[in-house]
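Enquirer: Dumping the structure here so I can ask a few things about it.
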Amino acid sequence: MSSTSSAGTAVRGVRRVVQGMPTSDGAGVKLTRVIGQPQLPDLDPFLMLDEFGTDKAEDYIAGFPDHPHRGFETVTYMLDGRMRHRDNHGNEGVLVPGSVQWMTAGRGLVHSEMPEQQEGRMRGFQLWLNLPARDKMTAPKYQEYGPERIPSAAPAAGVTVKVIAGRVADVTGPISQPATDPTYLDLSIEPGAAFVQPLAADYAAFLYVYEGAVRVGAGAAARTIGAHELAVLGEGEEIRLEGERAGGDGGTARAILVAGRPLKEPVAKYGPFVMNTNAELHQAFLDYQTGKF
Ligand code: FE
């Protein structure tokens, strides 16, 4: 599943390509579920990836009224639009274009995520990232950063990277999560421009292209990943990407590259609760119903 570069480094290939599934969630928000659907139920430590993107207010205006979470993290990355979040512990804020909210639900909270606009475009991603058993009942915590606090790297000509988590060249993203040691990059790659990023060999990794097209891999094993396709990456020590010159829309490609350490723990999951055992799942329901979140 990997090919070898001239320097002897194992380059990650594309293990499989997954198309998202249109669905709706919350009070009727239309979105595309890419991880967490029958084609790709999970990619340890990643439990879910939703892309939302629409110009039509009726697709998002109902938002996500009060709902609970326990046992994992939700990562919201806004590309366009404004979203207000508010939880039962008194935390509240507005995500604007380019904002990241890395929410550690831990032992539990109840929150709402509602559009802070009546019209215009709403676009972004929500990723669910699992927590190890030892951290599932930790205190809830937010790492929230506006666009001005997400650093950019320019690792090669024609390549710009917003570093949300992890490191590109000498630029380090603001997010800290030792358990899964995540990388989360938002890439802009011009046609023909190339980007090489080291990734820990045994980490789960995926590339999701949201505009244009990207060549992934090296040599004969390289594959083109088009817009709204997710590439599950094979094993290897680095990933090689190139902006597609032909066959895409000819413009700058945009994609998120996400990687993290697999937890290799049993997963007991139901809706917004992700624990290790069914007994813990039942306890989560009970605690939620009795107001202990
Ligand atoms: Fe939520």
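The values are calculated or read from the model by the stated rules, or taken from the named source; none is laboratory data. Here the structure is a predicted model, which means the values were calculated and not measured. When we count neighbours, we look across all protein chains shown, and the Cβ atoms used for this are built from the backbone with ideal geometry, even at glycine.
Enquirer: Output the residues belonging to region 77-121 that are more than 27 Å from ASN276 (Cα to Cα) and basic (Lys, Arg).
Expert: Once the filter is applied, which keeps residues that are more than 27 Å from ASN276 (Cα to Cα) and basic (Lys, Arg), region 77-121 yields ARG82, ARG84, ARG86, ARG121.
Enquirer: Which of the residues spanning region 123-159 are away from the ligand (no atom under 16 Å from the Cβ), in contact with a Leu (Cβ under 9 Å, 6 or more places away or on another chain), in a strand (DSSP E or B) and not β-branched (Val, Ile, Thr)?
Expert: Result: ARG123, ALA153.
Enquirer: Could you list, in sequence order, all residues of region 115-134 that are surrounded by fewer than 19 Cβ atoms within 10 Å (Cβ to Cβ) and within 24 Å of THR23 (Cα to Cα)?
Expert: Pass one, region 115-134, residues surrounded by fewer than 19 Cβ atoms within 10 Å (Cβ to Cβ): 116-121, 123, 132-134.
Listed by number, the residues that qualify are GLU116, GLN117, GLN118, GLU119, GLY120, ARG121, ARG123.
Enquirer: Please indicate, with yes or no, whether at least one residue in region 62-74 is of a type in the set (Val, Ile, Thr), surrounded by 15 or more Cβ atoms within 10 Å (Cβ to Cβ), modelled with pLDDT of 95 or more and closer than 15 Å to PRO272 by Cα. Talk me through it step by step, then tell me what you get.
Expert: Of all residues in region 62-74, those of a type in the set (Val, Ile, Thr) come to 74.
From what is left, the residues that are surrounded by 15 or more Cβ atoms within 10 Å (Cβ to Cβ) are 74.
Next, from what is left, pick out any that are modelled with pLDDT of 95 or more: 74.
Next cut, closer than 15 Å to PRO272 by Cα only: 74.
Yes, region 62-74 has at least one match.
Enquirer: Something else now. Condition first: free of Cβ contacts under 8 Å to residues at least 24 places away in the same chain, under 30 Å from ARG223 (Cβ atoms), of a type in the set (A, V, I, L, M) and away from the ligand (no atom under 16 Å from the Cβ). Can you find one or more residues in region 5-24 that meet it?
Expert: If we filter region 5-24 for residues that are free of Cβ contacts under 8 Å to residues at least 24 places away in the same chain, which is where we start, we get 6-8, 21-24.
Retained after the next criterion (residues that are under 30 Å from ARG223 (Cβ atoms)): 6-8, 21-23.
Now narrow it down to the ones that are of a type in the set (A, V, I, L, M): 7, 21.
Among the residues that remain, those that are also away from the ligand (no atom under 16 Å from the Cβ) are: 7, 21.
Yes, because at least one residue in region 5-24 is free of Cβ contacts under 8 Å to residues at least 24 places away in the same chain, under 30 Å from ARG223 (Cβ atoms), of a type in the set (A, V, I, L, M) and away from the ligand (no atom under 16 Å from the Cβ).
Enquirer: ASN278 versus (1) surrounded by fewer than 16 Cβ atoms within 10 Å (Cβ to Cβ); (2) more than 16 Å from the ligand (Cβ to nearest atom); (3) under 19 Å from the mean Cα position of the chain (by Cα): which is the lone unmet condition?
Expert: Result: ASN278 fails condition (3) only.
Enquirer: Go through LYS292, LYS264, LYS269 for me and flag whichever is surrounded by fewer than 23 Cβ atoms within 10 Å (Cβ to Cβ) and closer than 18 Å to MET48 by Cβ.
Expert: Details: LYS292 fails: closer than 18 Å to MET48 by Cβ; LYS264 fails: closer than 18 Å to MET48 by Cβ.
Result of the check over LYS292, LYS264, LYS269: LYS269.
Enquirer: At least 2 residues that are closer than 27 Å to LYS136 by Cα, more than 20 Å from the chain's Cα centre (by Cα) and within 12 Å of the ligand (Cβ to nearest atom) in each: list the strands (runs of 3 or more DSSP E) lying fully within region 45-119 that qualify.
Expert: Working: elements: 46-54, 64-69, 72-80, 83-87, 92-95, 100-104, 109-115.
Those strands (runs of 3 or more DSSP E) span 64-69, 83-87, 109-115.
Enquirer: In the set PRO178, PRO198, PRO191, which member is free of Cβ contacts under 8 Å to residues at least 12 places away in the same chain, surrounded by fewer than 23 Cβ atoms within 10 Å (Cβ to Cβ) and over 12 Å from VAL14 (Cα atoms)?
Expert: On the way: PRO198 fails: free of Cβ contacts under 8 Å to residues at least 12 places away in the same chain; PRO191 fails: free of Cβ contacts under 8 Å to residues at least 12 places away in the same chain.
Unique residue meeting the criteria: PRO178.
Enquirer: Answer with yes or no whether ALA221 is among the hydrophobic types (A, V, I, L, M, F, W, C), at negative phi and more than 23 Å from the chain's Cα centre (by Cα). I'd like the intermediate steps shown before the answer.
Expert: On the way: among the hydrophobic types (A, V, I, L, M, F, W, C): yes; at negative phi: yes; more than 23 Å from the chain's Cα centre (by Cα): yes.
In short, yes.
Enquirer: What's the number of the condition GLY271 fails, among (1) closer than 21 Å to ARG15 by Cα; (2) under 20 Å from the mean Cα position of the chain (by Cα); (3) small (Gly, Ala, Ser)?
Expert: (1)
Enquirer: Here is a further query. Enumerate the pairs (first residue in region 33-48 and more than 12 Å from VAL232 (Cβ to Cβ); second residue anywhere and of a type in the set (Asp, Glu) and in a strand (DSSP E or B)) with beta-carbon separation below 9 Å, excluding pairs fewer than 6 apart on the same chain, so at least 6 apart or on different chains.
Expert: Close Cβ pairs satisfying both conditions: ARG33/ASP25; ARG33/ASP50; ARG33/GLU51; GLY36/ASP50.
Enquirer: Would you confirm, using the coordinates I've provided, whether GLY251 is assigned to a loop (DSSP other than H, G, I, E, B), at positive phi and either at pLDDT below 95 or in contact with a Cys (Cβ under 8 Å, 6 or more places away or on another chain) (or both)?
Expert: Judged against the criteria, GLY251 is not a match.
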